[in-house]
1. Scan segment 271-293 and report the pairs whose first residue is farther than 25 Å from THR357 by Cα and touching a residue at least 24 places away in the same chain (Cβ under 8 Å) and whose second residue is part of a strand (DSSP E or B) and among the small types (Gly, Ala, Ser), with Cβ atoms within less than 8 Å and a gap of 6+ or a chain change.
2. Name every residue in segment 332-357 that is open to solvent by 30 Å² or more (accessible area, probe 1.4 Å) and in a helix (DSSP H, G or I), in order of residue number.
3. May I ask you to list pairs of residues, at least six apart or on different chains, whose Cβ atoms are under 7 Å apart, with the first in segment 231-258 being more than 15 Å from THR5 (Cβ to Cβ) and the second being surrounded by fewer than 19 Cβ atoms within 10 Å (Cβ to Cβ) and of a type in the set (A, V, I, L, M, F, W, C)?
4. Out of ALA25, ALA54, which single residue is open to solvent by 10 Å² or more (accessible area, probe 1.4 Å) and within 20 Å of TRP121 (Cα to Cα)?
5. Can you tell me which of LEU130, LEU124, LEU92 is open to solvent by less than 50 Å² (accessible area, probe 1.4 Å), part of a helix (DSSP H, G or I) and on the phi < 0 side of the Ramachandran plot?
6. Of all residues in segment 11-29 being of a type in the set (Val, Ile, Thr) and assigned to a helix (DSSP H, G or I), which is farthest from ILE363 (Cα to Cα)?
7. For segment 287-328, which positions are in a loop (DSSP other than H, G, I, E, B) and crowded, with 23+ Cβ neighbours inside 10 Å?
8. Being touching a residue at least 60 places away in the same chain (Cβ under 8 Å), touching a strand residue (DSSP E or B) at 6+ places or on another chain (Cβ under 6 Å) and among the small types (Gly, Ala, Ser) is the requirement here; does GLY106 meet it?
Amino acid sequence: MKESTVIVVGGGVIGAACAHYLVEAGRKVTLLEKDLFGQACSLRNCGYVCPSHALPLTEPGAIGMALRSMFKSNSPFSVKFRLDLRFALWLLGFARRCNEKDMLKGGKAIHPLLRSSMKLWRELMEKDQLPCEWKDKGLLYAYASQDKFDGYATTDRLLSEHFGESATRYDGESLIDLEPALKPGLAGGWHYEGDAHLRSDLLMASWKKNLESKGVEIHENCLFTGLLENPDGSVTISSTSNLFEGSHLIIATGALTPQLSDELGWRAPIEPGKGYSITMPRPKTCPEIPVIFPETRVGVTPFESDYRLGSIMEFAGYDESLNPKRYGLLLKGAEDYLREPRFEPDENIWYGWRPMTNDSIPIIGPCPGRKKVILATGHNMLGLSMATATGKLVMEMVTDSKPHIPLAPYSAERF
């Protein structure tokens, strides 16, 4: 019956997690994806599951860095100038929050999702055995500059005091003892041992099979085109392939959510933040621990058969091009840190649009003016890390259960 069916729009990691917890709770689930399941930003990201990423991007000084980047073609954080009032207002909202008080407030909203998700990911991996190369290796921050390495101690102290996320410090050559793939001569590193990583493309492929085996109907190449809320409380969804009826509609469309403003009657305050990755065979001297180089904003993720360089943040609207200068920064940003930063040939050069809110907090909850529409979007750079807790929260809303973490910080009404 339509009352027991929930329709999920979006076949990325957030949509998959929503479908998972809904079907586990006994609901019938129909998932619509405009392209192919598990593509877009869920396909070839760095794969970090990282409770240590509790602090939002709205750190003191971030707006100055963003403005300076507009005039630097080689900046890892790039803002393309354009006449766009919505983006200007987004930037203004971001700038207002670039202070320690708001940064910590944002962290208080982000961290419960991260901690809950890590617990739920571990339960999911144990129960469903999804083959995705899950590894408990932690996450390492490596620095070349002594000043910046020492300066990170302030951030680590904030994470430890406010969120219980503390790193082990490695100075000088002790860092090479921990991770021999790094070049000698680096200042040091900070290792968050409670983080993990996985290979996202394998996750999404195995999760699709798992969901279908539990009865989830997945419709690919099926574009959501309209919504009707019926007098009996149900919803009717139109698409390019069919009409679907159900009790609730879940919007898990990431960076594309603003493009659904006509269908929803509300525009999500989200900007696409373009990130890149390069996947290549494992070099002979390959890291075993995922590493981030904060000075160049490049991340490295080792997998069993290859490895990936990723990151970069480019605000250029919905630009679909692969800019060689941008992904070239990934290679350049790893050269000073790794003994073998590259092993040719490149297997894949990829980009994805991250759904960026100006407070770094996702939007999880009812769509304004739509009682039966639940938003699960705006996860910024942490969609994978927040996916399972988001899916469980959506299930709890649909089933009128008590939320396992407070919902108020994620409300769409906060903007």
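The values are calculated or read from the model by the stated rules, or taken from the named source; none is laboratory data. Values in this document were obtained by computation on a predicted structure and should not be read as measured data. Neighbour counts run over all protein chains shown; Cβ positions are idealised from the backbone, glycine included. When the accessible area is computed, the model is the full protein with side chains, heavy atoms only, and any ligands, DNA or RNA have been set aside. Shrake-Rupley method; radii C 1.70, N 1.55, O 1.52, S 1.80 Å.
1. Correct list of pairs: ILE278/GLY310; PRO290/GLY299; VAL291/ALA142; VAL291/GLY189; VAL291/GLY299.
2. LYS332, GLU335
3. Note: pairs meeting the criteria are THR240/LEU223.
4. Details: ALA54 fails: open to solvent by 10 Å² or more (accessible area, probe 1.4 Å).
Only one candidate passes the filter, namely ALA25.
5. On the way: LEU130 fails: part of a helix (DSSP H, G or I); LEU92 fails: open to solvent by less than 50 Å² (accessible area, probe 1.4 Å).
Of the residues listed, the single one that is open to solvent by less than 50 Å² (accessible area, probe 1.4 Å), part of a helix (DSSP H, G or I) and on the phi < 0 side of the Ramachandran plot is LEU124.
6. Going residue by residue through segment 11-29, those that are of a type in the set (Val, Ile, Thr) are 13-14, 23, 29.
Among the residues that remain, those that are also assigned to a helix (DSSP H, G or I) are: 13-14, 23.
Numbers: VAL13: 15, ILE14: 12, VAL23: 22 Å.
Looking at residues that are of a type in the set (Val, Ile, Thr) and assigned to a helix (DSSP H, G or I), I get VAL23.
7. Taking segment 287-328 and keeping what is in a loop (DSSP other than H, G, I, E, B), we get 287-290, 294-297, 303-305, 316-323.
Once the filter is applied, which keeps residues that are in a loop (DSSP other than H, G, I, E, B) and crowded, with 23+ Cβ neighbours inside 10 Å, segment 287-328 yields PRO287, PRO290.
8. On the way: touching a residue at least 60 places away in the same chain (Cβ under 8 Å): yes; touching a strand residue (DSSP E or B) at 6+ places or on another chain (Cβ under 6 Å): no; among the small types (Gly, Ala, Ser): yes.
Against the criterion (touching a residue at least 60 places away in the same chain (Cβ under 8 Å), touching a strand residue (DSSP E or B) at 6+ places or on another chain (Cβ under 6 Å) and among the small types (Gly, Ala, Ser)), GLY106 does not qualify.
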